[in-house]
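Enquirer: Mind having a look at this structure? Questions to follow.
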Amino acid sequence: MNLKIKNFSKIEGTVKAPSSKSYSHRAVIIASLAKGTSKLYDVLYSEDVLASINACKSLGAKITEKEDESGTYLEVIGTDGCLHNQSEDFIDLANSGTTLRIMTSVASLSDNEVTFTGDDSLKTRPMGPLLEALATIGVETASLNNNEKAPLTIKPGFKGGNVSILGNMSSQFISSILISSPLSDDGVELCVLPKFVSKPYVDMTISVMEKFGVNIEHIGQYNDNNQDNGSQFDTKFIISTQKYNSTNYTVEGDYSSASYLLATCAIAGGEITVQNLFKDSKQGDKLIIDILENMGCEIDICDSYVTIKSDGNLNSVSEINLANAPDLLLTVAILAAVANGETKITGIGHARLKETDRIDTTCRELEKLGCELQEFEDYMIIKGKTIHGGVVKSHKDHRLAMAFSLLGLKYDVEVEDGECFDVSFPNFIDAMAKIGVELELI
C-alpha cells in the first residue's frame, strides 16, 4: 500500500513518543536470560520486537502480557541462562536485524542447536565480522548458504576468552557479544578496534545489563603504535562470569521514532510537545534536538518531554555528523531537502549495512523528486529546496517510509509500500493525527 499525507491543519498538540525499539529488544532478551520473573513496562510491540519475543520464547523463556495497577506490562519468567531450543524448525526472525545479531551470540547458550532465518531482506544482512569474532571465543556457527548470512545455525557452547572486533561496522555485533558474555564459561575480554561508531547503542546495552545486575569493566583509548604489533583499541570491555537477576524495568521513549514527529513540526511550522523523551537519555539519536535547533527551531527539553516551536522556515547546517546516530539519516536528509542552503551529512558509512543501503536508497529516491545531491561512500551533500512532488519507493524500509512521507507537508509525495512503518512505529498514523496530520494508506 502507498502512504501519503491526505491533509493537515495547524500543527499543534501533545503526543507520546513510542517506546524505544532498541531498549525494548535489549530488555526482553536480557530478562529472558535472567533468574526469576521480570516486569517490563512500556515495551514497544513492533514487528521487530515481536521477533525478539518469539525467539526468546522458542529458547525457553515464558513471556506473557499482563496488567496491574501500573498498567499493562510484559511478564518474563527468565531461564537463568539455561536455554533450550524448543522449536522443531528454523526460528523465523522476519525482518529484524537487531534480533538476528543479538540472538546469534545468545543462542550459543542453548544446550542444543539453533537455526535462525528470516525474510529475503534479513538474509542479505552481513554477519561475517560477528561470526568471525564468535569463533575466536569458542562459538561455532554455520551459514547454510555459505555466505556469512542467514539462515544461520549456532551450535551449543560459549567458552569465552579474548576477542577483537572492528568498531566501524555495526554496534549490534558488539552488543551481541556483551549480552551473552556474562554467561560464557570463562568470561570475555572484548577489544573494540578504532574507529568505534554508534557508541551510544552500546552504552544503552550496558545500561540495561547493569539494571539486571551485571557489571562490566571498560577501559578506553589504548593506542601503542610503538609496539611491534601496533596494538591499539578504542575500548576494552571486561566481562566476568555473572548471572542476570530479574527486575522491573520501564522502557523509555525513542528519539529516532520521535524525530518524525519533531520534524513534522519543524517542516510545517507550529508547536508540539512530545512526551516520554528523557533529558538524561543515553540514546545517540537525542542529537536530533541539536540539529533542529541549529536549523532554526526553538526547543525546550525537560526531564521527560520535549517542546518544539517552528515557523517552517528551516536553514541548512554546513555539516551534520551522524556517526553515533545513524538511524537519524533519513530524517536529517528530508530536513536538509526542504531547508535553505546546502547540508553535508557525514559519518554515515555504516548506514549502508542497515535494512537497505540507506545512503544509496535515500539518494536514489530524492533524485526521483529532482533533488540536487552528491553521494559519496560515507557522506552525502544535499542542496535544499530543489525538489518537487512524485512517487518514491520505501524499499520496505520503515525509516524511509516515514521520513519521505513528511515531504507531503510541502509537496505532493507518495511512498510505495509505506505500511512497513509497523516495524518500529506501529501507531505512526495515530500519533501524526494527534498533532494535526492525516495520513492515509491507499
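The values are calculated or read from the model by the stated rules, or taken from the named source; none is laboratory data. Only a predicted model underlies this, so the values are computations on that prediction, with no experimental measurement involved. Cβ sites come from the backbone with ideal geometry, for glycine too, and all protein chains shown count toward neighbours. Each accessible area value is taken on the protein alone, full model and side chains, heavy atoms only, with ligands, DNA and RNA left out. Shrake-Rupley method; radii C 1.70, N 1.55, O 1.52, S 1.80 Å.
Enquirer: Go through the residues of segment 419-440 one by one and say whether even a single one is part of a loop (DSSP other than H, G, I, E, B), open to solvent by 10 Å² or more (accessible area, probe 1.4 Å), among the hydrophobic types (A, V, I, L, M, F, W, C) and under 24 Å from Lys6 (Cα atoms). Quick ask: steps written out before the conclusion?
Expert: Step one: filter segment 419-440 for residues part of a loop (DSSP other than H, G, I, E, B), giving 424-427, 435-436.
Filter again for open to solvent by 10 Å² or more (accessible area, probe 1.4 Å), leaving 426-427, 436.
This time we only want the ones that are among the hydrophobic types (A, V, I, L, M, F, W, C), so: none.
No, segment 419-440 has no match at all.
Enquirer: Which is open to solvent by less than 70 Å² (accessible area, probe 1.4 Å), free of Cβ contacts under 8 Å to residues at least 40 places away in the same chain, closer than 22 Å to Phe90 by Cα and of a type in the set (Val, Ile, Thr), of Val163, Val139? I'd like the intermediate steps shown before the answer.
Expert: On the way: Val163 fails: closer than 22 Å to Phe90 by Cα.
Exactly one residue qualifies, and that residue is Val139.
Enquirer: If a residue counts only when it is at positive phi and hydroxyl-bearing (Ser, Thr, Tyr), which strands (runs of 3 or more DSSP E) contained entirely in segment 102-191 have at least 1 such residues?
Expert: Working: elements: 114-117, 141-143, 152-154, 161-166.
Because the criterion is at least 1 residues that are at positive phi and hydroxyl-bearing (Ser, Thr, Tyr), no strands (runs of 3 or more DSSP E) in segment 102-191 meet it.
Enquirer: For residues in segment 188-217 being small (Gly, Ala, Ser) and out of contact with any helix residue (DSSP H, G or I) (no Cβ under 7 Å at 6 or more places or on another chain), which is surrounded by the fewest Cβ atoms within 10 Å (Cβ to Cβ)?
Expert: Taking segment 188-217 first, the residues small (Gly, Ala, Ser) are 198, 207, 213.
Next, only the ones that are out of contact with any helix residue (DSSP H, G or I) (no Cβ under 7 Å at 6 or more places or on another chain) stay: 207, 213.
Values: Ser207: 13, Gly213: 16.
Among those that are small (Gly, Ala, Ser) and out of contact with any helix residue (DSSP H, G or I) (no Cβ under 7 Å at 6 or more places or on another chain), it is Ser207.
Enquirer: Out of the residues in segment 229-261 that are of a type in the set (S, T, N, Q) and not in a loop (DSSP other than H, G, I, E, B), state the one that is farthest from Cys82 (Cα to Cα). Give the derivation first.
Expert: Within segment 229-261, the subset of a type in the set (S, T, N, Q) is 229, 231-232, 235, 240-242, 245-248, 250, 256-257, 259.
Checking the rest, the ones that are also not in a loop (DSSP other than H, G, I, E, B) come to 232, 235, 245, 248, 250, 256-257, 259.
On the way: Gln232: 36, Thr235: 30, Asn245: 13, Asn248: 21, Thr250: 25, Ser256: 34, Ser257: 34, Ser259: 39 Å.
Restricting to residues being of a type in the set (S, T, N, Q) and not in a loop (DSSP other than H, G, I, E, B), the top hit is Ser259.
Enquirer: Scan segment 1-57 for residues that are closer than 25 Å to Gln242 by Cα, assigned to a loop (DSSP other than H, G, I, E, B) and open to solvent by less than 10 Å² (accessible area, probe 1.4 Å) and jot them down.
Expert: Result: Ala34, single match.
Enquirer: Restricted to segment 315-366, and to residues that are in a loop (DSSP other than H, G, I, E, B) and of a type in the set (Gly, Ala, Ser), which residue is nearest to Ala258 (Cα to Cα)? Talk me through it step by step, then tell me what you get.
Expert: Within segment 315-366, the subset in a loop (DSSP other than H, G, I, E, B) is 316-318, 322-325, 339, 341, 347-348, 354-357.
Subsequent filtering for residues that are of a type in the set (Gly, Ala, Ser) retains 316, 318, 323, 325, 339, 341, 347.
Working: Ser316: 21, Ser318: 24, Ala323: 19, Ala325: 13, Ala339: 20, Gly341: 25, Gly347: 21 Å.
Here the residue is Ala325.
Enquirer: Taking segment 390-418 as the region of interest, how many residues are closer than 13 Å to Ile5 by Cβ, touching a Gly at 6+ places or on another chain (Cβ under 9 Å) and either open to solvent by less than 10 Å² (accessible area, probe 1.4 Å) or hydrophobic (A, V, I, L, M, F, W, C) (or both)?
Expert: Number of matching residues: 8.
Enquirer: Could you say whether any residue in segment 377-385 is in contact with a strand residue (DSSP E or B) (Cβ under 9 Å, 6 or more places away or on another chain), more than 30 Å from Ala94 (Cα to Cα), open to solvent by 10 Å² or more (accessible area, probe 1.4 Å) and outside any loop (DSSP other than H, G, I, E, B)?
Expert: yes
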